[in-house]
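None of the figures in this text is laboratory data; all of them are computed from the coordinates on show. A quick note: this is a predicted structure, and the numbers were derived from the prediction, not measured. Cβ placement follows ideal geometry from the backbone for every residue including glycine, while neighbour counts extend to all protein chains displayed.
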Amino acid sequence: MMRNLNSRTAGRLAGAGLALAAGTLFALSAAQAQDKGPIKIGFSQSLTGFLSPNGKQALLGAEIWADHVNKAGGLLGRKVELKYYDDKSTPSEVPGIYTKLLDVDKVDLVVSGYATNEVAPAMPVVIRKGKTFVSLFGLDVNDKFKYPKYFSILPTGQDTKGSFTKGFFDIAAQQNPKPKTVALTFADADFSQNACDGARANAKKHGFKIVYDKAYPPPPKTTDFSPIVRAIKALDPDLVVVCAYPLDSVGMVLAANEIGLKPKMFGGALVGLQATFFKDKLKSKLNGIVNYETWVPDEKQMYKGTKDFFAEYQSRAKAAGVDPLGYYLGGWGYAQMQVLGDAIKGAKSINDDKLAAYMKKATFETVMGPIKFGKKGEWAESRMFTVQYHDIKDDANLETWRGMSYQTVLEPKSLETGKVIYPYEKAHP
């Protein structure tokens, strides 16, 4: 009897000892994770200059992600910390920022700021350091680098350059009688050059004759777009495609309205028109334009967490001094960090090689929809939109831009919400 009691007592003591040891190990493991400090994620961002209306959206999206992760306990038992500097919308600032982030600030990971012109100059630094790099709206940046640890947050699919104007040309080719001629104009900058390369290929595919194909120096070197628009109007092309960043997009639209440019279709790859600030500036002048989009607030585009994210973003936007809706870059700034965070959890590591290996295989569920990477780190499948603006009044306000009443999704067909108004003059009398 005594022997049995002693055995049971010894068993209980041994079990308690094991539990105590396990608890101690767990506590030590958690403490060790915290001893390492936060996981530092570094990037440049355009917080001043002509790209800042979009860069600020992306930053707020990233900050909301960091808040969510830290409230949930962090990653790998460690908090996350965002370390960023303003690149002033100036590509020449970018290499120095990434050198400082990696050599002085000793960040663990890096991602890109917003836009092709700011992503490309970071690449040589990132490649030299062997870092995994998740870019934000960089168009075909990795074509020349072919860096195996590059991953793009931009829903172009494999036809990167052509994706911005594919829908425009597909729709034009379906009209009867089919238009014949096209004018192309673009800023002499990385994004615009790439998008216009794609536009040429799309025009050739559909048999359109290019009657005008000229670059212009990007702002601030070009501030008056009237001479360009007048030169195009004199040729009377059926289609006018513009590949531009925000300031020149606005300049082109204003000049087209002033001069009375009325081709059968007008638009293409006008960056900036997606932002509330520029919509509010142009209002009825947008009517009839057929342009690319990357996401629209249609019910079919509401994924897990999408509505909650935009509700939080919009509640914080005024205090942060950013776009009040965040539809263009706010959600994508969050998704960029979601992909990196989920890769850290999936790879159980912040090692760049392990992260890249995981990202090549995984499908990521984000607030902007599923993302799977393919060749060169671009998306395996495209999810670009082509939309047309219509029926916008000069008293349009935030409630107008909040919904879908002023824009029709023309492509992809699976998400179509209406038909094109053709020619342009019918929507823009």
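The table below lists the values:
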{"quantity": "Relative exposure of K83, K426, K166, K413, judged by other C-beta atoms within 10 Å (fewest first)", "calculated": "K413, K426, K83, K166"}
{"quantity": "Cα gyration tensor category, rounded, prolate or oblate, for region 179-256 with a/c compared to 1.5", "calculated": "oblate"}
{"quantity": "Helical contribution to [θ] at 222 nm, DSSP H n ≥ 4, -39,500 (n - 2.57), averaged over the chain, rounded to 500", "calculated": "-13500 deg cm²/dmol"}
{"quantity": "Zone residues, region 73-101, relative to K348, backbone N less than 15 Å from point 7 Å out along Cα-to-Cβ", "calculated": "76-77"}
{"quantity": "Alpha-carbon radius of gyration plus Dmax, which is the widest Cα pair, for region 313-429 in Å", "calculated": "18.8, 58"}
{"quantity": "For the chain, size of Cβ-based charge dipole, Lys and Arg +1, Asp and Glu -1, in debye", "calculated": "1300 debye"}
{"quantity": "Degrees separating the helix 246-259 axis from the principal Cα axis of the chain, which is the longest one", "calculated": "20 degrees"}
{"quantity": "Summed residue charge, Cβ within 12 Å of T222's Cβ, Lys/Arg positive, Asp/Glu negative", "calculated": "-1"}
{"quantity": "Per-selection Kirkwood Rh - the chain (Cα, Å, 1 d.p.)", "calculated": "23.1 Å"}
{"quantity": "Additional length obtainable on full extension of the chain from K100 to Q158, 0.36 nm per residue less Cα span", "calculated": "17.6 nm"}
{"quantity": "Aspartates and glutamates whose Cα lies under 16 Å from that of K426, excluding same-chain neighbours fewer than 8 positions away", "calculated": "D238, D391"}
{"quantity": "Net charge, I392 excluded, C-beta distance under 14 Å - Lys, Arg +1, Asp, Glu -1", "calculated": "+1"}
{"quantity": "Using θ = phi - 60° and Karplus 6.51 cos²θ - 1.76 cosθ + 1.60, couplings along region 391-402 (whole Hz; Gly, Pro as x)", "calculated": "6, 8, 9, 6, 9, 4, 9, 4, 5, 4, 6, 5"}
{"quantity": "Taking all pairs of distinct alpha-carbon atoms in region 60-205, Kirkwood radius in angstrom", "calculated": "17.5 Å"}
{"quantity": "Partner lysines for K161 [C-alpha distance under 18 Å; skip if fewer than 8 residues away on the same chain]", "calculated": "K144, K146, K204, K205, K214, K375, K376"}
{"quantity": "Long-range HN-HN contacts of L136 with modeled amide H, under 5 Å", "calculated": "S112, A115, I153"}
{"quantity": "Residue-by-residue Karplus 3J(HN,Hα) for region 134-148, coefficients 6.51, -1.76, 1.60, Hz, glycine and proline x", "calculated": "9, 8, 10, 6, x, 8, 6, 4, 7, 4, 8, 8, 6, 7, x"}
{"quantity": "Charge dipole (region 163-287, unit charges on Cβ, about Cα centre) - positive-most of V211, P227, L273", "calculated": "V211"}
{"quantity": "Calculated FRET value between Q174 and R128, using beta carbons and R₀ = 60 Å, to 0.05", "calculated": "0.80"}
{"quantity": "Under-5 Å amide H pairs with D213, H placed in peptide plane, nonlocal only", "calculated": "L184"}
{"quantity": "Dipole magnitude of region 111-190, debye to nearest 20 (Cβ charges: Lys/Arg +1, Asp/Glu -1, about Cα centre)", "calculated": "260 debye"}
{"quantity": "For region 160-296, fraction of C-alpha pairs farther apart than 25 Å, in %", "calculated": "17 percent"}
{"quantity": "Karplus-derived 3J(HN,Hα), 6.51/-1.76/1.60, for each residue of region 64-69, Hz, glycine and proline x", "calculated": "5, 4, 4, 4, 4, 5"}
{"quantity": "Simple spin-label estimate for K375 and K413 in nanometres, 7 Å along Cα-Cβ", "calculated": "2.4 nm"}
{"quantity": "Total charge dipole magnitude, region 287-429, about the Cα centre, Cβ charges on Lys, Arg, Asp, Glu only, Debye to nearest 20", "calculated": "640 debye"}
{"quantity": "Simple spin-label estimate for E258 and E81 in nanometres, 7 Å along Cα-Cβ", "calculated": "5.0 nm"}
{"quantity": "With Cα atoms, 0 to 90° folded angle of helix 306-320 axis to the chain main axis", "calculated": "80 degrees"}
